[in-house]
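Here is the structure we will look at.
The values are calculated or read from the model by the stated rules, or taken from the named source; none is laboratory data. This one's a predicted model, so the numbers in the text were calculated from it and none came from an experiment. As a convention, Cβ positions derive from the backbone with ideal geometry for all residues, glycine included, and neighbour counts pool all protein chains shown.
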């Protein structure tokens with residue numbers, strides 16, 4: 001598979017997940033679709049910028065890349081967890 005095909009598939013998957021999240025009623029499927037869309041977005045941006053100087057510097061330093069991933073994943077999930085907790089407490 002070429003990079004363009006994978007990028008297109010990723011954009012379609014993120015778009016489909018976002019569409020399901022918007023259209024589906026409150027359910028586990030809607031929650032899963034939101035999580036998929038939320039997690040695919042930074043992956044797509046990172047893949048698009050793979051050859052940029054800043055990402056190349058990260059690629060050359062596995063420790064920095066791991067630290068970025070360790071910080072980015074919780075930072076991306078925190079709003080979803082906070083909103084989910086607020087929704088559970090609302091009548």
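With the checklist (1) part of a helix (DSSP H, G or I); (2) within 24 Å of residue 78 (Cα to Cα); (3) out of contact with any helix residue (DSSP H, G or I) (no Cβ under 8 Å at 6 or more places or on another chain) in hand, flag the one item residue 25 doesn't pass.
Just one mismatch for residue 25, condition (1).
Mind checking whether some residue in region 52-64 is touching a helix residue (DSSP H, G or I) at 6+ places or on another chain (Cβ under 8 Å), surrounded by 12 or more Cβ atoms within 10 Å (Cβ to Cβ) and modelled with pLDDT of 85 or more?
Yes, region 52-64 contains at least one residue that is touching a helix residue (DSSP H, G or I) at 6+ places or on another chain (Cβ under 8 Å), surrounded by 12 or more Cβ atoms within 10 Å (Cβ to Cβ) and modelled with pLDDT of 85 or more.
Quick grid of which residues meet (1) at pLDDT 90 or above; (2) within 23 Å of residue 65 (Cβ to Cβ); (3) in contact with a helix residue (DSSP H, G or I) (Cβ under 8 Å, 6 or more places away or on another chain); (4) not in a helix (DSSP H, G or I):
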position: 5; (1), (2), (3), (4): no, no, no, no
position: 12; (1), (2), (3), (4): yes, no, no, no
position: 34; (1), (2), (3), (4): no, no, yes, no
position: 38; (1), (2), (3), (4): no, yes, yes, no
position: 43; (1), (2), (3), (4): no, yes, yes, no
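Within region 65-79, count every residue that is in contact with a helix residue (DSSP H, G or I) (Cβ under 7 Å, 6 or more places away or on another chain) and under 16 Å from residue 39 (Cα atoms).
Going residue by residue through region 65-79, those that are in contact with a helix residue (DSSP H, G or I) (Cβ under 7 Å, 6 or more places away or on another chain) are 65, 68, 72, 76.
Filter once more, keeping what is under 16 Å from residue 39 (Cα atoms): 68, 72, 76.
Adding up the residues that qualify gives 3.
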